[in-house]
Structures are given as C-alpha cells and as structure tokens.
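A short worksheet on the structure shown next.
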Amino acid sequence: MPQSNILGNKRIILTGAAGILGTALTKRYLDMGADIALLDINEVGLNELKKNLGKFQNQKILYYSLDLTDPEQVIETVKAITKEFSRVDVLHNNAATKGEDLKKFFYSYENYDPLTWRAIIDGNVTSMFLMSQSVGQIMKKQKKGSIIQTSSIYGVINPDKKIYEGSEYHGIQISCPAVYSVSKHAVIGLTKYLASYWGEYNIRVNAIS
C-alpha cells in the first residue's frame, strides 16, 4: 500500500528505471500512490526491479525494455503506454549511460574516442529529446503535464579533479569526463528551452541537478 496518496491517480513515465537513481525513484513514486511506466534498456535489471515491487498490487506498473536513442522504439513505446494509461501526467527523463566500454568512458580528454563521445551524448541527451518530443505531443493535447529531467551538479559547475584522486569504480580510476559535463549542461539547456516553448500549454519542465 502507498505510504502517501499525494500522487494518487497520477500516471508517470520514468526512464532509466533499473539504475541506481531509477530504482529509488520508482519506489518513491509508487510509495506516493502513482501508476508508473518503467523504461530501461536493461531488461535483466527491469525484471529484478519487478520482483521487488510485488507489494504495490493496487497500482498499475508497466515495464518496457527499449533503446531510448531509437526514434521508432520510442514512438511505439509511448503509443503503448498511452493506450494503457489514457493520459500522461509526468515524464521523468532520468536515463543516462557510460557507454558499452567503461574504461573508454573514463579516458582522458586528449585520448577520448569520438564513438564513445557520440554514444554518451545520444544516451544522455538524444534520449531526452526523443522522449520529450513524443510525450510532449500528448501533453499539448491534454493542455497540461510535467517533464522532469535528471541533470547533474556538473551541468552547473566545473568538476574538481582533485576529489577523484585514488578513487576507483569497478577497478577503474574514475574522473568526470568532459562528455558527461557537456551532456548534463545540454540537459539543462533543453529543459530551459522546453519550459519556454511549452509554457503556454501548461506544461512545466524542470531539471534536477
């Protein structure tokens, strides 16, 4: 049972649902009474999440595994969700990526692989463009909605290299790659643009940093 019903009768789409932030967000949204569509490319992670959500039997929970950088997959998934939910109150664009090769993600700027750069920009920004584009059309017809986009502190300020000294992630020396900072700045730029662009339709667009 929900701990609070503040989001009762709200229909939410959450991307990156199987990740660290996504899992916490999923449980919180459900605790507050929402119905939710959970999207992630990680089908195994979604199945694991599903096993832990059995107590929310009175709420509708939908699961979709897809590539959020593929326009066709995004359009078809949003159509399927709309059929189930009839409307969308909230889109939370939370998905992000470190690419397929974690070691390459942490390469120095001088040696950064352009293919990795493109993959991160696609995963962190293009995914939000495609999702907001599809869901925004629905919200325009509804004349209301809320879009939330997960950015980062590094979308606002510059990283301090010193704080990463001696730190590792899965055995790899970590840092804050330029592409991460650039992509998270882009999320804030997109958010500001859409807030102005769709404001007349009563669609609020905000970023979390």
_Formal net charge of residues neighbouring Tyr197 (Cβ-Cβ distance under 14 Å; K, R +1; D, E -1)_ = +2
*Tally Lys and Arg at +1 and Asp and Glu at -1 over the other residues with C-beta under 12 Å from the C-beta of Glu43: what net charge comes out?*
-2
*Computed accessible area, Phe129, all protein chains, 1.4 angstrom probe, square angstrom*: 100
*Cα axis of helix 71-85 to longest principal axis of the chain: angle in degrees, 0 to 90, nearest 10?*
30
_For Ile208, distant residues with modelled amide H under 5 Å away_ = Gln149, Thr150, Ser151
*Note down the magnitude of the dipole of the chain about its Cα centre, charges +1 on Lys and Arg C-beta and -1 on Asp and Glu C-beta and zero elsewhere, to the nearest 20 debye.*
920
_Accessible area in square angstrom per residue, region 73-209, 1.4 angstrom probe_ = 57
*Filter the cross-link list Lys144/Lys184; Lys98/Lys161; Lys103/Lys161; Lys79/Lys144 down to pairs whose alpha-carbon distance in this structure exceeds 20 Å.*
Lys144/Lys184
*Give the angle, between 0 and 90 degrees and rounded to the nearest 10, that separates the Cα long axis of helix 20-31 from the longest principal axis of the Cα atoms of the chain.*
20
*Could you please state how large a percent of the accessible area of region 72-162 is carbon and sulfur, counting protein chains only and using a 1.4 Å probe?*
52
*So who's got an amide H within less than 5 Å of the one on Tyr63, skipping anything under 5 residues away but keeping other chains? H placed 1.01 Å off N, in plane.*
Leu38
*Gap in Å between the Cα centre of region 87-152 and the Cα centre of region 21-65?*
19
*asked:* Can you tell me which aspartates and glutamates have their Cα less than 12 Å from the Cα of Lys104? Leave out same-chain residues fewer than eight positions away.
replied: Asp113
_How far apart, in nanometres, would the label points at Lys27 and Ile153 be if each is projected 7 angstrom from Cα along the Cα-to-Cβ direction?_
2.3
*Expressed as a rounded percentage, what relative contact order does region 1-122 have, with Cα pairs under 8 Å and six or more residues apart?*
28
*Specify whether the C-alpha gyration tensor of the chain places it in the rounded, prolate or oblate class, a ≥ b ≥ c being the square roots of the eigenvalues: rounded for a/c under 1.5, otherwise prolate if a/b is larger than b/c and oblate if not.*
prolate
*Under 12 Å from the Cβ of Leu21, count the other residues' Cβ atoms, weight Lys and Arg +1, Asp and Glu -1, and hand me the total.*
+1
*Hypothetical label at Ile163: residues of region 194-209 whose amide nitrogen lies under 18 Å (7 Å Cα-Cβ projection)*: 208-209
*Run the dipole for region 73-129 about the Cα centre, Lys and Arg Cβ at +1, Asp and Glu Cβ at -1, nothing else charged, and hand back the magnitude in debye, nearest 20.*
120
*Please tell me the relative contact order of the chain in percent, rounded to the nearest whole number, where contacts are Cα pairs under 8 Å and at least six residues apart.*
19
*Among Tyr180, Thr126, Tyr154, whose Cα lies farthest out toward the positive end of the dipole of region 121-203, if unit charges sit on the beta carbon of Lys, Arg (+1) and Asp, Glu (-1)?*
Thr126
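The values are calculated or read from the model by the stated rules, or taken from the named source; none is laboratory data. Keep in mind the model is a prediction, meaning the values are calculated, not measured. Using ideal geometry, Cβ is built from the backbone for each residue, glycine included, and neighbour counts are taken over all protein chains shown. What goes into the accessible areas is simple: the full protein's heavy atoms, side chains included, and nothing from ligands, DNA or RNA. Shrake-Rupley method; radii C 1.70, N 1.55, O 1.52, S 1.80 Å.
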